[in-house]
Structure formats: structure tokens, C-alpha cells
1. Just name one of Gln157, Gly14, Ala212: the one whose Cα is farthest towards the positive end of the charge dipole of the chain (beta-carbon charges, Lys/Arg +1, Asp/Glu -1).
2. Packing-wise, with mean Cβ within 10 Å as the measure, how do 212-219, 180-187 rank, highest first?
3. Obtain the nm distance between the two label points defined at His63 and Val177 by a simple spin-label model: each point lies 7 Å from its Cα along the Cα-to-C-beta direction.
4. Quick one: if you stick a label point 7 Å off each Cα along the C-beta vector at Leu259 and Ser277, how many nm between them?
5. Checking the cross-link filter: which lysines have an alpha carbon closer than 18 Å to that of Lys322, excluding same-chain neighbours under 8 positions apart?
6. Mind scanning Lys55/Lys119; Lys66/Lys92; Lys253/Lys384 and naming the pairs with a C-alpha gap bigger than 18 Å?
7. When all alpha-carbon pairs of the chain are counted, what percent fall beyond 29 Å?
8. Average the reciprocal distances over every distinct pair of alpha-carbons in segment 31-106, invert the result, and give the Kirkwood radius in Å.
Amino acid sequence: IIRRAFCEGRKVIGSTECFRFIEEYEIPVVKTLVARTIGEAAALSSELGYPVVMKALSPLLWHKSKIGGVILGVGSAAEAASSFEELARRVKSHALEFQGVAIQPLLREKWYELFIGSKTDPNFGAVIIFGLGGTAAEIVKDVSIGFPPLNQALARQLIEETSVYRHAQSAGLPLNVKLLEKILVNFSQLILDFPEIAEVDINPLIVSKDGAVTVDARMVLDWDRIMREVAEHQDTTLIASYPQKYVAARMLKNGAEVLLRPIKPEDEQRFNEFLRSLSEESMRFRFFQILKEVSHDLLARYCNLDYSREVTIIAEHQRDSKTIVGAGSIIVESDGMSGEFAVVVGDEWQGIGLGSKLLDHLIMIARDLRLTSIFGYVLSNNYKMLRMCAKMGFNLEPLDEEMVKLSLVLC
């Protein structure tokens, strides 16, 4: 679709082509038929079933409602024919090219009209916009803004920041948040996959009790981006994408298999369960204090990360409902050359090699992040950690009677 539009000299991709595009990302769209003649308009309207909506098609027509480019409630073949002629007249009266009409069923039940869009900012890259849609979007600016890649938690945050969400909750007609989360995450992936798309508008996305459906959309292409070398097709997002390359399976001394992978926002509850399972000693060794309750803010701090600056690796036991049994983190310092690490292992999983597997993995990540050294702080009576790090070549520097600084040069 993008290649064809570029070859035809078009920067704007209209709704019918957009629908085919976004359907590939499981974003629901309304059934749409295209009529190029009066006869096709009458026949296709009858096929779809009355009443229908007819929308003018023109390559430079971005806001159909401004020129009366939408006719609602067409109820017969005769009305379909006259509506086709009327839409053609309105488009041509604005010196625009008329290319036919899009015909859609009239949606009787619609609770809310929402907007999902994306624009490319010269400083921040792609941004995602969510909020109130339809014609009201031009009058009432109720939107929230985020950056791709979105995950379930970030998508929910976008939704909950809008007034339309709060109004829906108080009115007893709440938004289907789970469905909208999925749509936003899929939309985010579309934006990442096609950086040559400068703008996308899904407006409106009609939400009802039964679901959500896109009834209009458009895209604007970045011709300069398309004409650049393929080698320049790189990640320019403000927040680093989930680093799948850091996922690895490991076998421990007792034969148990664990999966080491970067943490996700969705892991917050299970990560909390892991921290709550730690003994007081393990808790003190990791946090230098006893945390009786771990706040949501602290958990979010560990689970919602920009992976280019901080990576937390969790160890999941593959045969026990993917229970988290250990974790390690590496935080890049402001100089971009060094990083601070920390490791914690569940009490029942200590002594079987999990700690060294986690630390090996963190060292690999630190090298991938092009760090020249890593360091960490350990209590002087944490003998297991001190022995393990000494065997792995770390320098041990006592700071006082209670604290030891560990450091390892990577280059």
C-alpha cells in the first residue's frame, strides 16, 4: 500500500486503504464497500442493508464533515443514487477530485467516539495520541500522549488519563479497557514497524457495549524517509523497545530450568509476590533494610523501564507456573560508561547456581550496552555473594565495617 501510494505520487493514504492496513494489526474496522458509479452505489447499499452511511472519497479530502462529505441514514436505492450525486457535487464545488463513495452500515449503538493517532515529532520521534474523537475532537481537546512502544500497562495509563474515561466510569457506561489496551498496543507496533508513516489518524473509533470499530482513518507518508537508504530504517523511538535478545534459558545445578528475561510492566504482581517471599536476611542483603510492604510506586519503578538505560532480569521457573525465583538489574550511570548492578535469589533457590547465572547474564547485557565497567554494593556479611563475585574476577573494596564495593572492568 505504501509503495503504491509513493509510486503514484500520493502522500495521503485514504480510509479504504488504511482499513486494509490496520486490519493486519487486529484493529477492528467497519465493513466498507466502495462505489465508483451511481449504479454501484445503489446496488452495494442494498447488498449491505439499509440504512447505510455514504462518505465521499477524494485524495485531498481530510475532514469530510467540513464540506458535508458524509450522509447518514440512507434508506433506499433511490436515496443511495441521489446521495451519490449530492456528494459528488459537494466535493467538486470545493475543486477536489471526486473518486466515488465509501458505503458503511449505520451503527445504531455507539456509546463513545474515540481518537487514536500518531505524529512524528522532530525531537522525540513518534508520539501516540489517545482521547475523545469524532467532530467533538476539534472543539474539546481531551487527549493523552505517550511514546511507542506501548505495553498493556502504558496503554491503560493513556486511557485512564483522559476525561472521557472518567466520564464513562461515572456514567455507568465504562469503556472496555482491555479491548482498548489491545488496540493501542497493536497500533503502537504498527507505528514501530513503519517509521515511513509520518501521521496516522483513526477517527472515530466507535465504542459500544459489544466492542469497538474504526469507521474512518487516514495516513500521511514521510516521502523523505521513504527515499532514504534502507540502512537508515532504525529505531528512533524515545523509549527503547522490549529487548527480546536478552531472553535466555538456563539449567541449574539441580537440573531445574529457568528462563531469564527482561521484566515487563505486566509482571508487577508476580514480582511483588517474589519480593514478599524473601526472608528478612535476603531482603536486607538486597535492599539494606527490611521492606514489610512494597509500594506500587516502588514496584512500578522496577517494572516500567526504559531498557536503554536500565534492565531488570527476572528468572522464571518454567515448571512452576512461571514463578519468579530470582532477579538482577543493571542501571547505566549518567556517564554512559559504567553501570550499577544488583542480584537477589529466592531463599529456596540459593546454592544451586542461579545467582551466578543472573550475574553472568547482567555482564553480557552490560557489554551489549557498551559499558566499560560495572559495580555494586554488598553488605560485608553477605558471604555467599562476596565469594561468588571474587571467583568471577570482581575487585572487592571494603568501604567501612558494613559495606563492600564490588567492581569489574569489562574491556
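Each reported figure results from applying straightforward, stated rules to the coordinates on display, with no laboratory input. Since the model is a prediction, treat every value here as computed from it, not as a measurement. FYI the Cβ positions are ideal-geometry reconstructions off the backbone, even for glycines, and counts take in every protein chain you see.
1. Gly14
2. Numbers: 212-219: 22.9, 180-187: 20.6.
Listed from highest to lowest mean packing, they are 212-219, 180-187.
3. Each label point is offset 7 Å from its Cα along the Cβ direction, giving 3.3 nm.
4. Computed distance between label sites Leu259 and Ser277 equals 1.6 nm.
5. List returned: Lys264, Lys357.
6. Numbers: Lys55/Lys119 25 Å; Lys66/Lys92 14 Å; Lys253/Lys384 16 Å.
Correct reply: Lys55/Lys119.
7. Values: 47800 of 84255 pairs.
In whole percent, the share of Cα-Cα pairs in the chain beyond 29 Å is 57.
8. Details: mean 1/r = 0.0848 Å⁻¹.
Computed over Cα pairs of segment 31-106, the Kirkwood hydrodynamic radius comes out at 11.8 Å.
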